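The values are calculated or read from the model by the stated rules, or taken from the named source; none is laboratory data. As the structure is a prediction and not an experimental result, all values here were calculated from the model. Note: ideal-geometry Cβ built from the backbone for every residue, glycine included; neighbour counts use all protein chains shown. Note: accessible area is taken over every heavy atom of the protein model, side chains too, but ligands, DNA and RNA are not part of it. Shrake-Rupley method; radii C 1.70, N 1.55, O 1.52, S 1.80 Å.
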Amino acid sequence: VQSGQHPALTTAKNVETYRRQLRRLGLSHDRRRSVATTDPGYYRWTQWIFLQIFNSWFDPDLNKARRIEELVAEFDTCARTATTGDWSAMSASERRRELDQWRLAYVSDAPVNWCPGLGTVVANEEVTADGRSDRGNFPVFKRNMRQWKMRITTYADRLIDDLELLDWTDALKAMQRNWIGRSEGATVHFESHAGRLTVFTTRPDTLFGATFMVLAPEHPLVDALTTPEQAGAIAAYRAKAAAEDDFQRQNDSREKTGVFTGSYATNPMNGEQIPVWIADYVLMGYGTGAIMAVPCGDQRDFDFARTFALPIVAIQEPSDGRGTDASSWSEAFVGDAPYVNSANDSLDLNGLSSVAEATSRTNEWLVQHGHGEATVTYKLRDWLFSRQRYWGEPFPIVYDEDDNPYSLPDQVLPVLLPDTDQFSPRTFDPDDAQSNPESPLDRLEDWVWIEADLGDGPKRYRRDTNVMPQWAGSCWYELRYLDPTNKQMFVDPANEAYWMGPQGPGHPGGTDLYVGGVEHAVLHLLYSRFWHKVLYDLGHVSSVEPFHKLFNQGYILAAAYQDERGIYVDSFEVVEQDGQYLHDGKPVTREYGKMGKSLKNAIAPDEVCTEYGADTLRLYLMAMGPLDASRPWENKDIVGVYRFLQRVWRNVVDEETGSTRLLSEPAGVDTLRVLHRTIAGVRDDLDNLRFNTAIAKLIEFNNHLTKLGGCPADVADDLVVLLAPMAPHMAEELWTRLGHTASITFAPFPVADPALLVTDSVEYPVQINGKVRSRVTVAADAAPDAVEAIAMADEKVKAALGGNTPKKVIVVPGRMVNIVA
RNA sequence: GCCCGAGUGGCGGAAUGGCAGACGCAGAGGACUCAAAAUCCUCCGUUGGCAACAACAUGUGGGUUCGAGUCCCACCUCGGGCACCA
């Protein structure tokens, strides 16, 4: 399955068949929009799945999603207590609010990424490292807004752990692990006069070296900790930090800045009073927004301590011999080394040299004494799921007068987009951080307000005017492909089990093969795994994962040219002259990059198609290199595969008459051997997605036929069928001319005859000390001893040995002979 | 800084630890042609040699092995991802 394509396309032989199949499915072909999201069926089931998620919650005890009714039942029997107050005493409205806090899809007023240039909010995964939108490259601002989110964070562990079950590249798995960012450590409590300060650390074993603490400027306890004499400096620092957004803060120089609050906290290990500072290198959005600083073992803390003359205490004897007097160090020490200065009345780490052991002993001690516990934190945040666009699935949600969300009943699905002629979201000055989103649906008052009876009698409700992101449909479309016309459910469980069910114990199930670009690593591929796991937990699918084997194809690159100002110029207007590249007569520099508008180097496949035909375009793309490698497009290379196709054609068809011109003489054993080697090789290459070498083998076979003067009649069918997967149009045409009436699609793919894969005799290269000095031809079934004897008797070998007796002779059957002289 | 990849002719690239450069592009020569295009044939890593052949060659330096583009160690360069993440 190729991302974004309808299944009709994967079986269609040509555009007409594709359109016909689409018509049969009641769909239309629209190049600008993916088929999936224009189909009311997809809208309907995407909304239905959304409601499944909305009406479920995550049970941490079972580590899985469950239906919301089960939570209500547990509240009723007091098996679980509500987070706010007494469930049995709550009013209906209070109960709604309580439940809404548990849902896997929820509305919250929290920091989101607002992109005024696009006019919509976007997910964390859609923001680039430099704080811009991945589409359009507009600035993105963190703002509190009321938006839909999905509780993907509850699946963080399973999303990491189940990567083990998948046949994906290590690079892609690493990207997902990285993005989820699980770090194991401990939370530790430090007492202060303003209350308990809790920090997260991955190195609880270094607690004895914690000589100060740093809070994020936004930390809620900063006000209470700030002493009157420090109030001015703290306020000024916080104001400065607030004026900068996250991205500016991170892009600023890494000079350490910060201000002392004037207060101290107690290091629970040794009772020392350590100063509490604020600094912008501590982020409110990660961990607890507060850190303990261990300057001897962390470079950032070390820099901070040096800048502000804070104490540094060594807690390890550095392995590089610099000694334990930290005042003489020029950098922090990181690594395994024996602990020193690390003991109190009830815990002694001194002398240990294993971080793992010291960590587990510290964790035990923290729990025993009530100072903390082992904890895991994640970088992953909940998924921002609403957008302020027109195109997208509307939320099947309405709000009552108290702004509580209600799901619409299944019978009214799909909620279709209302008619309008104003599709664009309102966009703003890209830098106007204070602007507010306006969905195109907001303007359609007639659509927004509905009268409905959702159990409380007929009432007026307001529709949700957001739409779902483009990822919603792609989160589950592969499931719909298994059962595209089903009107009763999104996929029949029997179909899902047949196509995607686990193939044995420990197998996660999922599609057999998924080909897609690596740019989806932490977008589509993360989101769809999450949805799939929710559907699995709720019992709708039998597979644990949506995509079992994933293959990342490389990008097609093209030359891009920059003028002296560094601005990209149209690559088609660049000429090469004496090894120099010129645009408008001025020299430009060349680089290779992903094709696209920004580099002005896109090549329209239509033009290649018009000039050479679709088969040539397709074949060129497959032949130019391995599927997973990015490689440059070279117009001048296309002619190579074009010539190959023409040679095949001329070997089969007489260009004068248009009828076949096959050799009536049956193929000789040489030709049959080449044919069957080709069959075996092409099969193997196709199985392993090595299209480039499969094509090379076909070219070799065809070159062999060209030398024969044409194609013997008895191998013509095989030649054409071998070619069919890669040049389907021409193969179909040749097939017809060879007298077949049924489509070549249904012709069986040739099978190699093992008898024709072996030869009577084998040419052995004979090496002396690893260098080829001669070759001998030996019967294929000759015993190693016989091969050795023949090699030793060879004139060139004798001459090269000069009468000396070899120390050793190695015969690799069927491969070679190596003589050690 | 951390995590993934990748470095082979003029170019794109081939090579289960076993003849490095398959196949294609570009280039050179030839046949056909009045000529050109197209087509077909031959050559085509570097150096030396008329040649047979020899030496050197898969980013650099070591190692393992009868044998290394392939495996191991260190380094260099390029591409991608993440990053004041505690």
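Let me spell it out: the conditions are (1) over 27 Å from A:Asn270 (Cα atoms); (2) over 37 Å from the mean Cα position of the chain (by Cα); (3) not hydroxyl-bearing (Ser, Thr, Tyr), and A:Ala210 meets all of them except one. Which number is the exception?
The failed condition is (1).
Only one of these conditions is not met by A:Ile603: (1) surrounded by 15 or more Cβ atoms within 10 Å (Cβ to Cβ); (2) of a type outside the set (S, T, N, Q); (3) outside any strand (DSSP E or B); (4) in contact (Cβ under 8 Å) with a residue 40 or more places away in the chain. Which number is it?
All conditions pass for A:Ile603, except number (1).
Do we have A:Lys549 as buried (at least 20 other Cβ atoms within 10 Å of the Cβ), modelled with pLDDT of 90 or more and within 18 Å of the chain's Cα centre (by Cα) here?
No: the conditions fail for A:Lys549.
Residues being part of a loop (DSSP other than H, G, I, E, B) and free of Cβ contacts under 8 Å to residues at least 24 places away in the same chain: count how many of those fall in the range A:437-473.
Looking only at that region, the number is 3.
Give the residues of the range A:309-366 that are open to solvent by 60 Å² or more (accessible area, probe 1.4 Å) and not in a loop (DSSP other than H, G, I, E, B), sorted by residue number.
If the condition is that a residue be open to solvent by 60 Å² or more (accessible area, probe 1.4 Å) and not in a loop (DSSP other than H, G, I, E, B), then A:Ser327, A:Ser328, A:Asp348, A:Ala356, A:Glu357, A:Arg361, A:Glu364 are the ones that fit.
Name the residues in the range A:608-628 that are near RNA strand B (Cβ under 9 Å from one of its atoms), small (Gly, Ala, Ser) and touching a Phe, Trp or Tyr at 6+ places or on another chain (Cβ under 9 Å), would you?
A:Ala623
Go through the range A:270-308 and give me each residue that's over 39 Å from the mean Cα position of the chain (by Cα) and either open to solvent by 10 Å² or more (accessible area, probe 1.4 Å) or more than 23 Å from A:Glu191 (Cβ to Cβ) (or both).
Answer for the range A:270-308, where residues must be over 39 Å from the mean Cα position of the chain (by Cα) and either open to solvent by 10 Å² or more (accessible area, probe 1.4 Å) or more than 23 Å from A:Glu191 (Cβ to Cβ) (or both): A:Asn270, A:Gly271, A:Glu272, A:Gln273, A:Pro275, A:Arg306, A:Thr307, A:Phe308.
Can you tell me how many residues within the range A:367-396 are over 24 Å from A:Leu523 (Cβ atoms) and either basic (Lys, Arg) or surrounded by 17 or more Cβ atoms within 10 Å (Cβ to Cβ) (or both)?
Number satisfying all stated conditions: 3.
Please count how many residues of the range A:512-546 are part of a loop (DSSP other than H, G, I, E, B) and either modelled with pLDDT under 95 or within 16 Å of RNA strand B (Cβ to nearest atom) (or both).
Residues meeting the conditions: 6.
Could you identify the single residue in A:Val817, A:Val758, A:Val772 that is open to solvent by less than 60 Å² (accessible area, probe 1.4 Å) and β-branched (Val, Ile, Thr)?
A:Val817
Does the range A:657-674 include one or more residues that are within 13 Å of RNA strand B (Cβ to nearest atom), among the hydrophobic types (A, V, I, L, M, F, W, C) and surrounded by 14 or more Cβ atoms within 10 Å (Cβ to Cβ)?
yes
Look at A:Val682 and say whether it is within 16 Å of RNA strand B (Cβ to nearest atom), outside any helix (DSSP H, G or I) and either at pLDDT 95 or above or not basic (Lys, Arg) (or both).
So A:Val682 fails the test.
Residues checked against (1) in contact with a Phe, Trp or Tyr (Cβ under 9 Å, 6 or more places away or on another chain); (2) within 15 Å of RNA strand B (Cβ to nearest atom); (3) at pLDDT 85 or above; (4) in a loop (DSSP other than H, G, I, E, B):
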{"site": "A:Pro220", "(1), (2), (3), (4)": "no, yes, yes, yes"}
{"site": "A:Gly232", "(1), (2), (3), (4)": "no, no, yes, no"}
{"site": "A:Ala235", "(1), (2), (3), (4)": "no, no, yes, no"}
{"site": "A:Glu255", "(1), (2), (3), (4)": "no, yes, no, yes"}
{"site": "A:Gly271", "(1), (2), (3), (4)": "no, no, yes, yes"}
{"site": "A:Val276", "(1), (2), (3), (4)": "yes, yes, yes, no"}
{"site": "A:Asp280", "(1), (2), (3), (4)": "yes, yes, yes, yes"}
{"site": "A:Phe304", "(1), (2), (3), (4)": "yes, yes, yes, no"}
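I need the full set of residues from the range A:82-136 which are farther than 23 Å from A:Asn55 by Cα, open to solvent by 50 Å² or more (accessible area, probe 1.4 Å) and among the hydrophobic types (A, V, I, L, M, F, W, C), in order please.
Of everything in the range A:82-136, just one residue is farther than 23 Å from A:Asn55 by Cα, open to solvent by 50 Å² or more (accessible area, probe 1.4 Å) and among the hydrophobic types (A, V, I, L, M, F, W, C), namely A:Ala129.
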